[in-house]
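Below is one structure, written out as structure tokens; the observations come after it.
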Amino acid sequence: PDVTIGRLYWSTDFGRRIIFNAFGISIPPCPKGVDWNLYSFVEAGPVRRMVLLELLAVHSAKLGALTASDIRRRIRKIKSISFNQVLRAVYELRTKILLRCAEYSKKRKLRMYAITLKGKLIGQELSR
């Protein structure tokens, strides 16, 4: 089910001013352009988070699109993960339009996935 399991809070302009005056701590304003509902959706699933961050790293390195098995292979260097977990995460991220099917591989006609602009924004916030 599509259930929200947590809430995100950020300080208002007034709250940031009070914190700065009281403690001398500067808190930056809330970043613009990020869909915070999608952010919490990705953050709530550790596998979704790993898949999105891995595709963000691939995009940053300009390595092109990856198949689901390539994504799994890259993540397994860090954490043991099953292929079904990766497939489910890819499917969920695709339905939220954070990933897209970029092309098909030449050998076996496998789907190759790339990150979208919305996925990049959320991935950059996750990696901060």
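The values are calculated or read from the model by the stated rules, or taken from the named source; none is laboratory data. Predicted model only: the values in this text are computed from it and were never measured. Virtual Cβ from ideal backbone geometry, glycine too; neighbours counted across all protein chains shown. Heavy atoms of the whole protein, side chains included, go into the accessibility calculation; ligands, DNA and RNA do not. Shrake-Rupley method; radii C 1.70, N 1.55, O 1.52, S 1.80 Å.
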Low-density loop trypsin sites (Lys or Arg not before Pro), region 16-66, at most 10 other Cβ within 10 Å, DSSP non-H/G/I/E/B, are 32, 62
Lysine pairs in the chain with Cα distance under 21 Å, only those 8 or more apart or on different chains: how many are there?
9
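May I ask you to rank 23, 41, 14, 83 by accessible area, largest first, using a 1.4 Å probe over the protein chains only?
Values: 23 155, 41 40, 14 130, 83 80 Å².
The most accessible residue leads, giving 23, 14, 83, 41.
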Using the Karplus equation 6.51 cos²θ - 1.76 cosθ + 1.60 (θ = phi - 60°), what ³J(HN,Hα) coupling, rounded to whole Hz, does each residue of region 103-112 give in order, writing x for Gly and Pro?
6, 10, 5, 6, 6, 10, 6, 7, 6, 10
Once the other residues with Cβ under 11 Å from the Cβ of residue 103 are scored (Lys, Arg +1; Asp, Glu -1), what is the net sum?
+4
Between 52, 38, 110, where does the largest GNM mean-square fluctuation fall for the chain, given springs only between Cα atoms within less than 10 Å?
110
So who's got an amide H within less than 5 Å of the one on residue 67, skipping anything under 5 residues away but keeping other chains? H placed 1.01 Å off N, in plane.
113
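Compute, for region 16-93, the length of the dipole vector about the Cα centre, with Cβ point charges of +1 (Lys, Arg) and -1 (Asp, Glu) only. Units Debye, rounded to 20.
Working: 13 positive and 5 negative charges, 48 e Å.
Once rounded to the nearest 20, the dipole reads 220 debye.
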Label model pair residue 103, residue 127: point-to-point distance (7 angstrom along the Cα→beta-carbon line) in nm is 2.2
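Assign one of three labels to region 80-121, namely rounded, prolate or oblate, based on the Cα gyration tensor with a ≥ b ≥ c the square roots of its eigenvalues; rounded applies when a/c is under 1.5, prolate when it is not and a/b is larger than b/c, and oblate otherwise. All intermediate terms of the calculation are to be shown ahead of the outcome.
On the way: a/c = 2.26, a/b = 1.13, b/c = 2.01.
Oblate is the answer for region 80-121, as a/c is 1.5 or above yet b/c matches or exceeds a/b.
With a 1.4 Å probe and all protein chains left in place, how much accessible area per residue does the chain have, in Å²? Can you show the working numbers first?
Values: 8940 Å² over 128 residues.
Averaged over the residues of the chain, the accessible area is 70 Å².
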At 1.306 mPa s and 10 °C, plugging the Kirkwood radius over alpha-carbon pairs of region 6-53 into Stokes-Einstein gives what diffusion coefficient in µm²/s?
125
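First compute the accessible area of the chain with a 1.4 Å probe, then give the percent of it belonging to carbon and sulfur atoms.
Solvent-exposed carbon and sulfur of the chain make up 55 percent of the total.
Once you have the Kirkwood Rh of the chain from its Cα pairs, apply Stokes-Einstein at 37 °C and 0.692 mPa s and quote D in µm²/s. Could you put the intermediate results ahead of the total?
Details: Rh = 16.1 Å.
Here the translational diffusion coefficient equals 203 µm²/s.
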The chain: most fluctuating residue of 113, 39, 104 per GNM, C-alpha cutoff 10 Å
104
